Amino acid sequence: MKISFLHRLRPLITVQRDNPRLLKAQYVALSRQLPIMYAILLINTLALAATHYAIAPHWLALYVPAALTLLGSGRALMWWRLRSLPATPERVFKTLTRTNRLAFFIALSFTAWALALFPYGDSYTRSHVAFYMAITVIACIFCLMHLRSAALTITVVVNLAFVVFFLAAGNPTYTAMAINVLLVSAAMILVMHDQYQDFTRLVNTQARSEKLSEENQRLANEDSLTGLPSRRRFFSLLDQGLAQARLDSTKLAIGLIDLDGFKPVNDVYGHRVGDKLLFQVGQRLLEFVTADVQLARLGGDEFGLLVQHVRSEEHLIAVGDRISEALREPFIIGNIQIAISASLGLVIFPDMAGDAVEAYEFADYALYDSKRAGAGTLCLFSTAHYRDLKRDGATEQGLRRANIVEEFDLVFQPIVDVHTGRTVAFEALARWVSPELGPVAPGLFIPVAERIGFINRLTLPLLKKALAGASSWPDDVRLSFNLSAHDCGSRDAVRKIIDVIERSGFAPHRLDFEITETAVIQDLDQARCAINAFRQLGCGVSLDDFGTGYSSLSQLHALALTKLKIDRTFISGIEGNAASYKIVKSLIALSADMALECVSEGVERWEELEVLKALGCSFVQGYLVSRPMPLEQTAEWLGRHWRAEPVLRQPA
Ligand code: C2E
Ligand code: CA
Ligand code: CA
């Protein structure tokens, strides 16, 4: 019982250490208020001493107030000086504890002194004593309000003494005054208590909201899945890194890392496994973090790299290679083993990029180029890239301004049957003559159009043109038309293509779509949907540039293809290249296995044709037969070569 009472009393009379923020706030408030309190106290004290100077003994009217003034001034000065010193938790606690203890003694001394003066003089000086005590204590309580224990102490000491003293005097006026002071004291204690609680609450709320905003700050700067710095943090690190590199004339490399094969993992095993994979990637990347190397997750399966104090390109490439290698090691998630790789685009400041915007743009371009070069490649942005980037930029501008119907046209390249020499089809190939840039090769503008999402706007008008042109050919000559990944990328895009075919009146079974292997594996599911839709309509679907896209047999088996087109790179010089020969041989065997027709592209020389014939290839296309020709020449070509003499007889 006794213990629990003391326990509850403790916080009321002592300084509690458990809330350092509160202590600091109290300290700040007191260091503003206590000098004022002492000023009031001392001025009032001197005034009381003055009115008693002539009537009270010197020791009481002079020496004691002098001593009290000295003590008060000392304290006031100390508080004043504290304002310029750092408020360390230790200093704060010590000062408050001392103030709290001193409050009792100071209150006691001043009270005892004032009451000691009381017996001297007349009723005026006596009322001065009473007024001095009652009013000064109110000022002191207000100034000490933020240190509740001290405020309570002086309320109790001064007012208790006052009440007891004046009640004991037995005079009705004094009794009334004592009751008055008692009531005022009670009200003050109540108000002070409420005020103090509000103050505590305010301080605590502030502390909480500061903590919350720190937490938000941390969350914004950290990627929650991997624990790596976030995209936002990456860009602020990039800015800092650039500033530092400028300052000490060092080199900074910016890298963008994109995982190859992440999307299929997500598609096949679901997002949970995808997330776990990203987490593990993050863990592996964390191992590369040093004072000079920073890694961040920029979003999705893209990560950012910053390398400070790059000594040379070789040094940077070595760092990049180590990261690529680490990510090529298989990942184990549950009982699934997953193999992915990472493409990496890098640029060095200030060698190639001049600021943060360029650095990011150029690293992105290098990444795009490394992706083009194949999975798991690393690419450092060079002057050649810079030239290409500028050229692509001009191409992009030209494309955006282009009048598609007027500037774009098609040429047609025959595909012939090796055995009969007859033209079985023409492949339509886009041509662009820009008023500003002149003729631009499709190898250049098609990738740009794909990248900026412009390709769908080219495909439909070109397909219309091709279908209209092909309607003039005999019924057993087919049309082959190239599609990009984007053209098959959504139901809507596929629907639009089918609409064009249906409206054209061209028989769908005379039409083949060529889709590159890389486009197919980019999004296997969507490609499968598109291929099925085209097949349902009656069109054929050829896998273009076959052999360059690293697709696996099982992936191809699942697709309703009708033809494979073997890429030119394997055909060129095949007669003297054992590797090409082997590849083409197996590709032809594969197409036979899958019951698909096989077309060899880019045949330029008789020797190549001989080898292909020997390997059992049925159809060829290339400069040896004919270069692509304008539509007007196709009629003449067919007139000369279609039914008549096979074109594939080597001139004697
Ligand atoms: P592709 O589909 O592989 O087309 C074959 C390319 O090889 C054509 O280049 C053609 O002119 C060229 N070629 C044909 N025979 C030979 C040969 O014997 N030797 C050499 N060196 N080249 C030969 P082109 O017309 O420059 O087209 C390049 C690429 O642009 C095409 O490659 C295709 O991927 C794309 N493309 C062209 N037209 C279109 C189009 O209308 N739509 C889409 N999406 N892509 C197109
Ligand atoms: Ca093609
Ligand atoms: Ca091709």
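Any read-out appearing in this document is the output of simple, stated calculations on the displayed coordinates, not a laboratory observation. Just so we're clear, the structure is a prediction, and the values are computed from it rather than from any experiment. With ideal geometry, Cβ positions are generated from the backbone for all residues, glycine too; neighbour counts draw on all protein chains shown.
Of note:
- MRE, 222 nm, helices only [DSSP H, n ≥ 4, -39500 (n - 2.57), over the chain, to nearest 500]: -19500 deg cm²/dmol
- Largest-first principal axis extents of the Cα set of segment 325-464 (Å): 53, 44, 25
- For segment 351-427, the C-alpha radius of gyration divided by 2.2 N^0.38 Å, with N the number of residues, is 1.72.
- Base-10 log of normalised Debye intensity for segment 510-591 (one unit scatterer per alpha-carbon) at q = 0.19 Å⁻¹: -0.81
- Taking a ≥ b ≥ c as the square roots of the eigenvalues of the Cα gyration tensor, an a/c ratio of 1.5 or more together with a/b larger than b/c marks segment 391-459 as prolate.
- Reciprocal mean inverse distance between Cα atoms of segment 231-381 - Kirkwood radius, Å: 15.5 Å
- For segment 2-214, relative contact order (Cα pairs under 8 Å, six or more residues apart, normalised by length) works out to 27 percent.
- Column: log10 I(q)/I(0), Debye, Cα scatterers of the chain, q = 0.06, 0.07, 0.08 Å⁻¹: -0.58, -0.66, -0.75
- Equivalent ellipsoid of segment 524-643: semi-axes from √(5λ) of the C-alpha gyration tensor, largest first, are 25, 22, 12 Å.
- Only Lys, Arg (+1) and Asp, Glu (-1) charged, at Cβ; the chain dipole about Cα centre in debye: 4120 debye
- When the chymotrypsin sites (Phe, Trp or Tyr not before Pro) in segment 522-578 are filtered for DSSP coil states and for at most 16 other beta-carbon atoms within 10 Å of their beta-carbon, the remaining sites are Tyr550.
- Exposed loop sites were defined as GluC sites (Glu not before Pro) in DSSP loop states (anything but H, G, I, E or B) carrying at most 15 other C-beta atoms within 10 Å; in the chain the longest segment without such a site runs 1-286.
- In percent, rounded to a whole number, the relative contact order of the chain is 8, using alpha-carbon pairs under 8 Å and six or more apart.
- Candidate lysines - alpha carbon under 17 Å from Lys24, same-chain residues fewer than 8 apart omitted: Lys94, Lys211
- Using alpha-carbon coordinates, inclination of helix 578-593 to the longest axis of the chain, degrees: 80 degrees
- Between Gly505, Ala595, Phe408, the Cα set farthest toward the positive side of the dipole of segment 394-641 (charges on each charged residue's Cβ, about the Cα centre) is that of Gly505.
- Dipole of the chain, positive direction: furthest Cα of Gly616, Leu378, Leu71, with charges on the beta-carbon: Leu71
- In plain terms, the residue of Ile521, Ile497 with the fewest other Cβ atoms within 10 Å comes first and the most crowded comes last, giving Ile521, Ile497.
- In loop segments of segment 247-321 as defined by DSSP, the trypsin sites (Lys or Arg not before Pro) with at most 14 further C-beta atoms inside 10 Å of their C-beta are Arg311.
- Coarse-grained scattering of segment 28-169 at q = 0.12, 0.15, 0.18, 0.19 Å⁻¹, given as base-10 log I(q)/I(0) from a Debye sum over alpha-carbon atoms: -0.48, -0.73, -1.00, -1.09
- Its residue count N sets the reference 2.2 N^0.38 Å, and the alpha-carbon radius of gyration of segment 10-63 equals 1.79 times that reference.
- Too-long pairs where the Cα-Cα distance tops 25 Å, listed order kept, from Lys465/Lys496; Lys565/Lys613; Lys465/Lys585; Lys465/Lys565; Lys263/Lys371; Lys263/Lys582: Lys465/Lys585; Lys263/Lys582
- Projected onto its three principal axes, the C-alpha set of segment 223-315 covers 48, 27, 18 Å, listed from the longest axis down.
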